[in-house]
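Peer 1: Before I ask anything, let me first share the structure, which is written out below as structure tokens.
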Amino acid sequence: MGAIQVGMLQALYERNIAPDLIVGASSGALNGAFIAARPHTVATAVELADIWIGLRRRQIFPLNPLTGLFGFAGLSENFVPASGLRRLIGRHLTTKRLEQLPIPFHAVATDVRTGAEVRLSNGPLVDAILASAAIPGVLPSVEWDGRELIDGGVVNNTPISDAVELGAGKIYVLSTGQSCELDAAPRGALGMVLHGINLLVHRRLTQDIARYGREVELIVLPPPFPVEVQPIDFGQAESLIDRGLASSRQFLGDLDRTGATSRLEAPRRDRQLARPARRLRSAA
């Protein structure tokens, strides 16, 4: 589902909208770290899109029967090793530490023992991203200064509150939305876990928009709707990127005419937006 953010990013870059700081959790941490190290151009969005489009489930979630057996037996905390995700992150990083990124980037994770939100702003970049994206039970937790950290989406999937605390006065929110109106329930345990978490975390976003919309300027880019894609189906990345781009272009165009809104509008059942849009392949 994080592929949707790539289309949103391109729509922003087409209008020369660039961040002063970036805060991300889960897949947002993956995308956020990538763009924090690169120029804020359409070419960067296209580069990120190509990575998403080339991904397959086995690269991120390489199922290992032995690891899965250990997990069911209580001998391991996860069903999938983090090796695939670590390789992917390392392959596309140009910086080793969070504080060395050209644009300040903050990854949000969750403390397993206390349930507290943890904002990572300094330290090893790969480990910070792995911690923020460590889906509980699926990927292993990450040890960080004596704490065990898992996916930041558990407590704050769209960390508006962190951006406010860091001093942001105008915040662009790139929400991936949630899978809905599926033709059938997700297949397999991994698919069901990811889908369940995806549904769970959306409630916090609506609460934060209502709360912080009175304090700062929130511009919430609406995710495409409906999304009949299961979170484990990486084969749909290009379609999700195209739909995220189309819906964001329309939204930002409407914004120019009507002014900013901090409300998360009920998604329109607009099949016109469901058509794939042709992504630009060169820098604007």
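The values are calculated or read from the model by the stated rules, or taken from the named source; none is laboratory data. Quick caveat, the model's predicted, so the values are computed rather than measured. Quick reminder, even Gly has a Cβ in these numbers, built from the backbone with ideal geometry, and neighbours come from all protein chains shown. To get the accessible areas, we keep the full protein, side chains included, count just its heavy atoms, and leave off ligands, DNA and RNA. Shrake-Rupley method; radii C 1.70, N 1.55, O 1.52, S 1.80 Å.
Peer 1: With a point put 7 Å past each Cα toward its Cβ, work out how far Gln100 is from Arg86 in nm, to one decimal.
Peer 2: Here the modelled spin labels are 1.8 nm apart.
Peer 1: If you don't mind, another one. If Phe79, Phe234 are ordered by their accessible area, calculated over protein heavy atoms with a 1.4 Å probe, which sequence runs from highest to lowest?
Peer 2: Phe79, Phe234
Peer 1: With r defined as the distance between the Cβ atoms of Arg113 and Glu165 and R0 fixed at 25 Å, what FRET efficiency is calculated, to the nearest 0.05?
Peer 2: Between Arg113 and Glu165 the formula returns 0.65.
Peer 1: Quote the FRET efficiency, to the nearest 0.05, computed for Asn122 versus Asp50 with a Förster distance R0 of 35 Å and r equal to the Cβ-Cβ distance.
Peer 2: 0.70
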